[in-house]
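Have a look at the structure below, then the notes.
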Amino acid sequence: MLIIMMAYFKTARHTLLDFPKKLVFLLCLAALCAGCSTSYKNTLPPALAEHIEHSLTFPQIKESPDSFKGKLVILGGQVLEAKRLKNSTQLTILQLPLINDQEPTIELTQSKGRFIAEQQEFLDPATVPPGSRITLVGELSGSIPQSLDETIYTYPTLIIKHFKVWPTYPSDYDRYGSYYRYPYLYPYPFASPYWGRYSPFYPYYPYYPYWYW
């Protein structure tokens, strides 16, 4: 943050008239950096974070769910169904691997199965409609067999202790901006093979793959 501010003041031509604009810019930049520094892990209560069994994987849980009762784990996925029971709300979730900041991937083919998570405090099913991506910390409570199409599927079950619902992106939303699309518009390690003498950076990046690959 300090380096960015120093570079900004060093390169900009400052006048008294545009100083307020520069001050607003720096305040917005500081707020943005502060927001980015808060990770999902930091939102967890310490009593939960320090007891999570990070070495316990979902395939292990799925193989023998009753063996890990009482263990605290962090899982993520996409909600398939949410329904209100008499004293709780039950979520049926398609498991998905967690990536940056414990956010579930959007690649459904990477799923290793399904599980059921129960929220014992009031949770309106409308707030977690099918398709919602969720990360949760929960206590494993065993398993339950339920019908799935023409088979009986054994769902690992857990009691939710903490959860986060992630934003939903429309199908045509570009999360990473045009500069990261293919072919790339600036020198990037995964640039298009069509780079070459037509690149504005030629001859610095004339070939694909690059020399350091």
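The values are calculated or read from the model by the stated rules, or taken from the named source; none is laboratory data. No experiment lies behind these values; they were computed from the predicted model shown. Neighbour counts are summed over all protein chains in view; Cβ atoms, including those assigned to glycine, are modelled from backbone coordinates with ideal geometry.
Here are the numbers for this structure:
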{"item": "Selection status of residue 75, out of contact with any helix residue (DSSP H, G or I) (no Cβ under 7 Å at 6 or more places or on another chain), at negative phi and in the same structural domain as residue 161 (by TED's automatic domain parsing)", "result": "no"}
{"item": "Qualifying residue in region 104-127 (condition: modelled with pLDDT under 95, aromatic (Phe, Trp, Tyr) and farther than 15 Å from residue 165 by Cα)", "result": "yes"}
{"item": "Strands (runs of 3 or more DSSP E) (entirely within region 62-160) containing at least 2 residues that are crowded, with 20+ Cβ neighbours inside 10 Å and of a type in the set (A, V, I, L, M)", "result": "72-84, 89-95, 133-148"}
{"item": "Tally, over region 100-117, of residues that are under 17 Å from residue 137 (Cβ atoms) and either acidic (Asp, Glu) or under 8 Å from the mean Cα position of the chain (by Cα) (or both)", "result": "4"}
